[in-house]
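Structure below; questions to follow.
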Amino acid sequence: MSDFPPSSITSPSLAVRCLRALASLKLTLILIILLLAGVLIIYYTKTRFIWALALPFIGFAINLTATVLTNPVFRRQLALLVFHLALIGIALLIAVERLTYLKGQVEVVEGETFTGQMLREESGPWHPRRLDKLQLTNENFTVNYTNSDGILRRVDTRNQVAWVSPNGVAGRSIIGDQEPLLLGGYRFYTTINKGFAPVFSWRPADGSAERVGAVHLPSYPRMHLQQQNEWQPPGSATSVWVMLQIDEEILSPDAPSQLRVPDKHKVIVRLDKARWELKPGDSIRLPDGVLVYQELRKWMGYDVTYNFTLPWLLAASILAVLSMAWHFWQKFMARPWNPTGNPNEK
Amino acid sequence: MELQILWAALVTYVLAGSLAIFGFVMKRKPERTVLLLLVLGVLLHTTSIAMRWERMGHGPYITMFEALSSGIWNLMLIYTLIYWRIPAIRATAAVVMPILFVMMGWMMLFPPGEIGHKPQVYHTVWLYIHIGFAKAFISTVFIAVGISGIILLRKIRYGAERFAHLPNDTRLDDLSFRFMAVAMIFQTLMLITGAIWAQDAWGRYWDWDPLETWAFITWIFVIFSLHLRHTYKTSPQIGALLVIGVFITAFLVFFGIPFVSTNFHQGVGGA
Ligand code: HEM
């Protein structure tokens, strides 16, 4: 015998009815369609409009919670529940990643040390910035090329770096291609973006201390016909054009070769109508100081990323796959794979 | 030489398919012969691909010809295995072999190509794992397509008569969605290993490039089908249409997108 008044049995409370509505599997279908719409919006508008994905996933979380509370199917099918929870976990991790990520680029000349100034970057609002607490020195790098069908092709990139981590540990590594340097949570990847960098010293006319700077010429060999750039010596008000003229073959059209600094080259500096051809050691007088061409080096462009959720994301994804496989395994083992034509068979 | 073996393999497939279609029309069941021909075709095809791999120094994934050849190969390999192990699907041969004929014809429109180079990002074991799951995915859907074809053909009398000896539509629908469920697991693994590869190669596990996006859309389509079927207890015919829809989408993603954009994925290549 029930002690409840009959009315509460025939019409459940409003809260329970709401919960049941939220647990509707039809809502799940609508949310899946919304997810599809979100993907299309992101893809075709080329924006990172994360709400397009966040909203369906928040919907999934509510829908799933309500279902777990009201629908016995998940209590009977543990594997299925674990799968759906792992899915929500993945969505949460991606949200955390969007709030804390950093993505950027930096170019470092051989022999130079990176101490936190990025060329370009974007980051989430809660990114725990530690880039300025680490050091990365680009000691030297090689890029090998082969030739097939008359087309120059990049083979492998190897970059020797020395580093100091945010907590003061120092070391050296070789990175390149698929192998980034993992330092203080940041990953440094070498890229196809690399080139030559004439290094100059600058002696200001006002007698202040000499400074050294490098011009990052456009990426080589991709922009090999445009090896010039506008540049201001460090601390100078004068802007000059610096051009590199290479007088020998570096990357061979018919044999394996390696990217290297050319022995035979000229650096051409232009200011208005004036034009100078410089060899290492040559100097020129500019309105506010003396510019000395020292040597030619190479610079490497790095992609820098920060994403601490990666191992968790992988773990959640593996959990999702395993629980789904487990669910289907249980489901399919209950009935044979080879149905017969017997109509009485269930 | 490798090309001659390839033609021999294709001829063997055509024989197997024609025999299956003949059996369907004549209400015969030449299943053992079809199985033998399928096995022979797969063996020849494997030999040809292996020889070319050895000679070129890279697997069959650079030119369109190679991609289609290896696509046909994996569909046939998995299909033959299932044909052997699960006799209940043998009648599907008459449905799926014509799809393969179309692919073979399409392949012959392309030159084999002699490109001997693969980009640096292809030098990783994740490539093989990722592509392996992708192939397992589409091959598994392919079998579900065969079963779905039977369900739909049974709507007309000609088909109903010839497929009368098979289990009823509900049972076939159940079987077809088993393959869809297995396919979904392969597909999820494909997405995960692809993300691992992308993280390795380009420092980001996801970037909405055309192939990534459309692979994900296909995945959404699969979970939509599984949920729709479950929520609305859809009829076997609707289920069959969903399966075929998924296959067409997956097929276009596989053989369409990589070859309209210049690279499989963005970011591959460049000097
Ligand atoms: C958060 C909202 C969701 C809810 C409430 C929900 C609920 C359910 C329920 C009740 C089942 C049926 C279990 C059964 O009786 O066999 C199910 C199955 C399933 N769901 Fe979801 N689901 C949700 C979202 C998703 C999403 C986003 C995916 C994407 C992968 C997904 C994938 C699956 C799969 C693969 C099955 C198994 C189908 C089968 O056994 O044939 N679900 N879901």
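From the set of residues in region B:176-225 that are acidic (Asp, Glu) and in contact (Cβ under 8 Å) with a residue 60 or more places away in the chain, which is nearest to the other protein chains (Cβ to nearest Cβ)?
Applying the filter and picking the extreme gives B:200.
Hey, any hits in region A:102-117 for a residue that's under 24 Å from residue A:312 (Cα atoms), within 11 Å of chain B (Cβ to nearest Cβ) and within 16 Å of the ligand (Cβ to nearest atom)?
No; the residues of region A:102-117 include none that is under 24 Å from residue A:312 (Cα atoms), within 11 Å of chain B (Cβ to nearest Cβ) and within 16 Å of the ligand (Cβ to nearest atom).
From A:322, A:278, A:296, A:286, grab the single residue that is within 11 Å of chain B (Cβ to nearest Cβ) and out of contact with any Asp or Glu (no Cβ under 8 Å at 6 or more places or on another chain).
That would be A:322, the only listed residue that is within 11 Å of chain B (Cβ to nearest Cβ) and out of contact with any Asp or Glu (no Cβ under 8 Å at 6 or more places or on another chain).
Another question, then. I need the full set of residues from region B:193-228 which are of a type in the set (D, E, K, R), assigned to a helix (DSSP H, G or I) and within 23 Å of the chain's Cα centre (by Cα), in order please.
The one that is of a type in the set (D, E, K, R), assigned to a helix (DSSP H, G or I) and within 23 Å of the chain's Cα centre (by Cα): B:212.
Taking the condition of being under 21 Å from residue A:298 (Cβ atoms) and either more than 30 Å from the chain's Cα centre (by Cα) or of a type in the set (A, V, I, L, M) (or both), how many residues in region A:212-239 meet it?
Number of matching residues: 8.
Now for a different question. Can you tell me which of A:99, A:55, A:36, A:93 is within 12 Å of chain B (Cβ to nearest Cβ), away from the ligand (no atom under 12 Å from the Cβ) and of a type outside the set (Ser, Thr, Tyr)?
Matching residue, one of A:99, A:55, A:36, A:93: A:93.
Can you confirm whether residue A:92 is free of Cβ contacts under 8 Å to residues at least 60 places away in the same chain, closer than 18 Å to residue A:312 by Cβ and within 21 Å of the chain's Cα centre (by Cα)? Quick ask: steps written out before the conclusion?
Values: free of Cβ contacts under 8 Å to residues at least 60 places away in the same chain: yes; closer than 18 Å to residue A:312 by Cβ: yes; within 21 Å of the chain's Cα centre (by Cα): yes.
Considered against the rule, which asks whether it is free of Cβ contacts under 8 Å to residues at least 60 places away in the same chain, closer than 18 Å to residue A:312 by Cβ and within 21 Å of the chain's Cα centre (by Cα), residue A:92 comes out as yes.
Of all residues in region B:139-175 being within 16 Å of the ligand (Cβ to nearest atom) and within 11 Å of chain A (Cβ to nearest Cβ), which is nearest to the chain's Cα centre (by Cα)?
B:147
Inspect all residues belonging to region A:318-328 and state whether any of them is without any contact (Cβ under 8 Å) to a residue 12 or more places away in the chain, surrounded by fewer than 15 Cβ atoms within 10 Å (Cβ to Cβ) and under 30 Å from residue A:177 (Cβ atoms).
Yes.
Moving on. Consider region A:165-186. How many of its residues are of a type in the set (D, E, K, R) and within 20 Å of the chain's Cα centre (by Cα)?
Adding up the residues that qualify gives 2.
Here's another thing I want to ask about it. Need at least 3 residues that are more than 14 Å from chain B (Cβ to nearest Cβ) per element, so show me which strands (runs of 3 or more DSSP E) inside region A:135-224 make the cut, counting only ones lying wholly within it.
Of the strands (runs of 3 or more DSSP E) lying wholly inside region A:135-224, those with at least 3 residues that are more than 14 Å from chain B (Cβ to nearest Cβ) span A:135-148, A:151-164, A:170-175, A:186-204, A:211-214.
On to the next question. Could you name every one of the helices (runs of 4 or more DSSP H) located completely within region A:8-100 that has at least 3 residues being buried (at least 16 other Cβ atoms within 10 Å of the Cβ)?
It comes to A:25-45, A:51-70, A:78-100.
Here, each number is a calculation from the coordinates, and none is a lab measurement. Given the structure is predicted, the values throughout are model-derived calculations rather than measurements. So basically every Cβ, Gly included, is an ideal-geometry build from the backbone, and we count neighbours across all protein chains shown.
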